Amino acid sequence: QVQLVESGGGLVQPGGSLTLSCAASGSISSINTMSWYRQAPGKQRELVATITRSGRTNYDDSVKGRFTISRNNGKIAVYLQMNSLKPEDTALYYCNVRPYVGMDYWGKGTLVTVSS
């Protein structure tokens with residue numbers, strides 16, 4: 001069974017940077033989009049950023065200009081470069097892979113805490 005494993009979370013001060021990584025443990029065929037979601041305490045999971053197979057990206061307004069999503073199709077990996085972090089970015093960040101056919105794959109999450 002293919003698993004997605006996120007890494008790179010941690011504690012960072014406001015204004016700081018982190019890079020999240022997500023890699024698949026096996027092969028996933030016909031990937032459509034790869035995305036990052038986040039869920040803050042007491043809130044619903046929300047979409048942060050998406051990248052298509054062709055490299056087109058889309059961001060939530062709250063992270064535009066601060067976060068950058070990228071992917072490595074050959075390795076089935078997706079990254080999230082996060083700059084100018086704010087306390088409101090504190091959340092559990094999840095990786096998502098959506099094939100053209102079949103169910104989505106989800107990681108278990110990596111915690112990002114932005115605090116002084």
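The values are calculated or read from the model by the stated rules, or taken from the named source; none is laboratory data. Model, not experiment: these values are computed from the prediction. Reconstructed Cβ throughout: ideal geometry from the backbone, glycine too, with neighbour counts over all protein chains shown. The protein model used for the area step is the full one, side chains on, heavy atoms only, and it has no ligands, DNA or RNA in it. Shrake-Rupley method; radii C 1.70, N 1.55, O 1.52, S 1.80 Å.
Observations, loosely collected:
- Note on segment 20-35: residues that are open to solvent by less than 50 Å² (accessible area, probe 1.4 Å) and either among the aromatic types (Phe, Trp, Tyr) or under 28 Å from Thr90 (Cα atoms) (or both) total 9.
- The set of residues in segment 66-104 that are among the acidic types (Asp, Glu) and either over 27 Å from Pro14 (Cα atoms) or open to solvent by 50 Å² or more (accessible area, probe 1.4 Å) (or both) comprises Glu88, Asp104.
- Test: residue in segment 45-65 that is in contact with a Ser or Thr (Cβ under 7 Å, 6 or more places away or on another chain), open to solvent by 20 Å² or more (accessible area, probe 1.4 Å) and part of a loop (DSSP other than H, G, I, E, B): no
- Test set (1) in contact with a Ser or Thr (Cβ under 7 Å, 6 or more places away or on another chain); (2) of a type in the set (D, E, K, R); (3) open to solvent by less than 30 Å² (accessible area, probe 1.4 Å) - Arg38 fails condition number: (1)
- Residue satisfying all of: in segment 105-116; touching a helix residue (DSSP H, G or I) at 6+ places or on another chain (Cβ under 8 Å) and more than 17 Å from Ser21 (Cα to Cα); surrounded by the fewest Cβ atoms within 10 Å (Cβ to Cβ) among these: Ser115
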